[in-house]
Amino acid sequence: MSPIEQIIKNESVEDVVSYFALFRSAQAVDRMYGRHRQEIILNGELVKTYNSLFSDGVLASDENGKTVKGPNWKTPQFITENKYS
């Protein structure tokens, strides 16, 4: 199992999106879930999570529309623990 697949299957949608949205497009994150946890897309959880992360200040958009860290962003635990490297 690839590290991406392990992350998608084992970590919360909030943690995965808050990290990967900083350097991957929404479409790329959608494809990751489509490949490994399609039910997250089908039940609308992925879109709801994106929207809540922006409204909660975890993610923000810069002047060019790029997703950046919001004022409430925290490094997900799976990253600080170096869990999948």
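Values for this structure:
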read-out	value
Enumerated helices (runs of 4 or more DSSP H) restricted to region 13-85, each holding at least 2 residues that are surrounded by 17 or more Cβ atoms within 10 Å (Cβ to Cβ) and acidic (Asp, Glu)	none
Flag if Asp56 is touching a helix residue (DSSP H, G or I) at 6+ places or on another chain (Cβ under 9 Å), of a type in the set (Asp, Glu) and touching a residue at least 12 places away in the same chain (Cβ under 8 Å)	no
Residue within region 60-79 that is among the acidic types (Asp, Glu) and within 13 Å of the chain's Cα centre (by Cα) present	no
Unique match (being within 12 Å of the chain's Cα centre (by Cα) and not acidic (Asp, Glu)) among Tyr84, Tyr33	Tyr33
Conditions (1) without any contact (Cβ under 8 Å) to a residue 60 or more places away in the chain; (2) surrounded by fewer than 19 Cβ atoms within 10 Å (Cβ to Cβ); (3) touching a Ser or Thr at 6+ places or on another chain (Cβ under 9 Å): number failed by Met1	(3)
Any chance Leu59 is of a type outside the set (Asp, Glu), more than 17 Å from Pro3 (Cβ to Cβ) and touching a Gly at 6+ places or on another chain (Cβ under 9 Å)	yes
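Values in this text are rule-based calculations from the coordinates and carry no lab data. The shown structure was predicted, so the numbers you read here are calculated from the model rather than taken from an experiment. Using ideal geometry, Cβ is built from the backbone for each residue, glycine included, and neighbour counts are taken over all protein chains shown.
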